[in-house]
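The structure appears below as structure tokens.
The numbers here are math on the coordinates, done by the rules we state, and not lab data. Keep in mind it's a predicted model, so treat the numbers as computed, not measured. In this analysis, Cβ positions are derived from the backbone assuming ideal geometry, glycine residues included, and neighbour counts consider all displayed protein chains.
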Amino acid sequence: MAGKYDHIVVGAGIEGSWTAYHLTKLGLKVLLLEQFTLPHTRGSSHGQTRITRFGYVEDFHAALMEEAYRKWSELEREAAETLFVETGALYLAGKSEYTDLENLISNLNKVPHVSHSKLTNDELKKQYPQFCLPKDYIACYEKNAGVLLASRCLNAVQKRFKSLGGTLIDGFEVLRINPGPPAEVYGKKTWKGNSDGRVNNEESFTANSVIVCAGPWSGPFLKKTFGLNLPLTPQRINVFYWHIKNINQGGLPTLFIDLANNGEYYGLPPLEYPDMVKLVSHHQEDADPNKRDVSSTINDKNIKEYVKERFPTLEPYPSIVETCMYTNTPDEACILDKHPTYQNIIFGCGFSGTGFKISPVVGHILGNMALGKPPVHNIKPFALSRFAKTGMPSKLQ
Ligand SMILES: Cc1cc2nc3c(=O)[nH]c(=O)nc-3n(C[C@H](O)[C@H](O)[C@H](O)COP(=O)(O)OP(=O)(O)OC[C@H]3O[C@@H](n4cnc5c(N)ncnc54)[C@H](O)[C@@H]3O)c2cc1C
């Protein structure tokens, strides 16, 4: 199986898949390696839905969205299937979040084709009787926001990558990398019954550069392989689905993000399961991705109270619970960078529960790093060095 490639990408989640696809589109020979048999539900990119939107509080995130939207819609055309559903988004803000809301609106104003409007508390009450919100709450409605059909998107990117000649090997765990150059990537099949009848011997591949997009495994992998200490905290995220009590009284007509408490709660209208709203909290329990479900307690106390108080039209308990992983950085912006010594070792990680929508741009940024090309966006906010001075959280806004 050994072979020579221009670039090797470790991890076939959405970030690694877009990176591999981007490089293959440029005519390069690319190998994408995935430790588990695809499709799998152990990382961060599975499941049916992910929010996408232009509305961001931070301008460096908002600046990525035009390219992201364009590339998702290109992929949708190429794949000839629906990957995006426009639902609109309601950004809710109490008094303490008015400045965040103003920043978000100012970022929306920079994109002329995005239609949005501000809502007073009275307008909110009239237009969205489903919500039961405090008197100081106001909102902004963004029409163009919506939902990416996540598993379909992942499948579509990988299909396009392969159709352009890219090589995807799943069930293959990368164990170590010798940076070279050229870099040597060593690993082995994660199951013994290989279709070619081989046993579990180590195999290796070479390439000019290696891009590591290992999701929640990134921290331990980069530490073990290169001694890098990245401030990454994987979390097990319980994804809750809540039944609408009476569909005639309305469920959730649009997706929403409540900006209170660092955007703690967000919800999506019924898309996956009839008459069920996906409503999730953004910060949950730390977990080792290899032991994700060892402590399988479902901590739903706070979210149950939130739903009971704010959504009287929903049953006050979740009917379905699914599981996924976040990988958080202290400031909740991702890390896109090169190894400080080995310039041909690149990594993208720490997407902190917001990386799906921007993955086409992440692929472009990481691809440019691998090729030694200048960045097309402001990537300073994603540099590893932002944590170097203090080793402590640095709020980037
Ligand atoms: C519940 C939930 C809701 C979310 N909602 C949103 C949202 O609304 N909008 C949004 O934009 N984002 C959202 N996100 C975040 C987004 O889904 C993630 O940021 C994104 O999927 C991260 O992708 P990834 O490729 O970095 O990680 P992963 O999908 O985990 O992929 C990493 C891959 O690397 C593989 N790997 C690891 N180590 C090795 C190795 N040694 N050898 C080979 N392969 C290896 C893993 O098996 C895995 O497949 C959400 C995430 C969750 C969990």
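Give me the number: length gained by fully extending residue 66 to residue 294, i.e. 0.36 nm times residue separation minus the C-alpha to C-alpha distance, one decimal in nm.
Numbers: separation 228, 0.36 × 228 = 82.08 nm, distance 4.03 nm.
Once the chain is fully extended between residue 66 and residue 294, it gains 78.0 nm.
Among the lysines, which have Cα under 28 Å from the Cα of residue 245 when same-chain residues fewer than 8 positions away are ignored?
Straight-distance partners of residue 245: 125, 126, 135, 143, 278, 301, 304, 308.
Would you calculate the separation in nanometres between label points at residue 261 and residue 388, each defined as 7 Å from the Cα along the Cα-to-beta-carbon direction?
Label at residue 261, label at residue 388, 3.7 nm between them.
Is it possible to state the helix-based mean residue ellipticity at 222 nm for the chain, with each DSSP H run of 4+ residues giving -39500 (n - 2.57), the sum divided by total residues, to the nearest 500 deg cm²/dmol? What is it? All intermediate terms of the calculation are to be shown ahead of the outcome.
Details: 10 runs with 100 residues, N = 397.
So the helix-based figure for the chain works out to -7500 deg cm²/dmol.
With a 10 Å radius around each residue's Cβ, average the other Cβ atoms per peptide and rank 108-114, 322-328, highest first. All intermediate terms of the calculation are to be shown ahead of the outcome.
Details: 108-114: 14.0, 322-328: 21.0.
Most protected by this proxy first, the peptides run 322-328, 108-114.
Hey, if you drop one equal point scatterer on each alpha-carbon of the chain and run the Debye formula without solvent, what base-10 log of I(q)/I(0) do you get at q = 0.08, 0.14 Å⁻¹?
-0.43, -1.27
Compare 107, 344, 299 in a GNM of the chain, Cα atoms joined below 10 Å, and give the one with the largest fluctuation.
Comparing 107, 344, 299 in the GNM, the peak value goes to 299.
Need the C-alpha centroid separation for region 217-267 versus region 117-176, integer Å.
11
Going by alpha carbons, how many degrees (0 to 90, nearest 10) lie between the helix axis of 14-25 and the longest principal axis of the chain?
It is inclined by approximately 60 degrees.
What is the set of long-range amide H partners of residue 377 at a cut-off below 5 Å, with H atoms built 1.01 Å from backbone N?
When sequence neighbours closer than 5 places are left aside, there are no close amide H contacts.
Rounded to the nearest 0.05, what FRET efficiency do residue 309 and residue 86 give with R0 = 35 Å and r taken as the Cβ-Cβ distance? Could you check?
Rounded to the nearest 0.05, the efficiency is 0.75.
Between helix 98-109 and the chain, what is the angle of the helix's C-alpha long axis to the longest principal axis, kept within 0 to 90° and rounded to the nearest 10?
70
Under 15 Å from a point 7 Å along the Cα-to-Cβ line of residue 159: which residues of region 78-95 have their amide N that close?
From region 78-95, the list is 78-84.
Starting from the Cα of residue 173, step 7 Å toward the Cβ, then list every residue of region 32-47 with an amide N under 16 Å from that point.
The answer is 33-38, 41-43, whose backbone nitrogens lie closer than 16 Å to the label point.
Mind checking which of 334, 174, 101 is farthest towards the positive end of the chain's charge dipole, using Cβ charges of +1 (Lys, Arg) and -1 (Asp, Glu) about the Cα centre?
Working it through, the farthest residue towards the positive pole turns out to be 174.
Roughly how big is the chain's charge dipole about its Cα centre, with Cβ charges of +1 (Lys, Arg) and -1 (Asp, Glu), in debye to the nearest 20? If you can, show how the numbers build up before the last one.
Values: 43 positive and 41 negative charges, 134 e Å.
Roughly 640 debye, rounded to the nearest 20.
Looking only at region 60-92, which residues have a backbone nitrogen under 14 Å from a spot 7 Å from the Cα of residue 110 in the C-beta direction?
60-68
Any idea which of 14, 54, 33 is furthest toward the positive side of the dipole for region 1-117, if Lys and Arg beta-carbons carry +1 and Asp and Glu beta-carbons -1?
Among 14, 54, 33, the one farthest towards the positive end of the dipole of region 1-117 is 33.
Note the full-extension length gain between residue 77 and residue 190 as 0.36 nm times their separation in residues minus their Cα-Cα distance, in nm to one decimal. Could you put the intermediate results ahead of the total?
Working: separation 113, 0.36 × 113 = 40.68 nm, distance 3.48 nm.
Full extension from residue 77 to residue 190 adds 37.2 nm.
Report the FRET efficiency, 1/(1 + (r/R0)^6), for residue 204 and residue 143, where r is their Cβ-Cβ distance and R0 is 51 Å, rounded to 0.05. Please list the in-between numbers first.
Numbers: r = 51 Å, r/R0 = 1.00.
Given R0 = 51 Å and the Cβ-Cβ separation, E is 0.50.
Which ordering of 60, 240 is given by a fewest-first count of other beta-carbon atoms within 10 Å?
Working: 60 17, 240 23.
Neighbour counts put them in this order, fewest first: 60, 240.
Please go through the residue pairs 223/338; 162/224; 25/162; 29/373 and name each one whose alpha carbons sit more than 20 Å apart in this structure.
Values: 223/338 14 Å; 162/224 30 Å; 25/162 10 Å; 29/373 17 Å.
Result: 162/224 exceed 20 Å.
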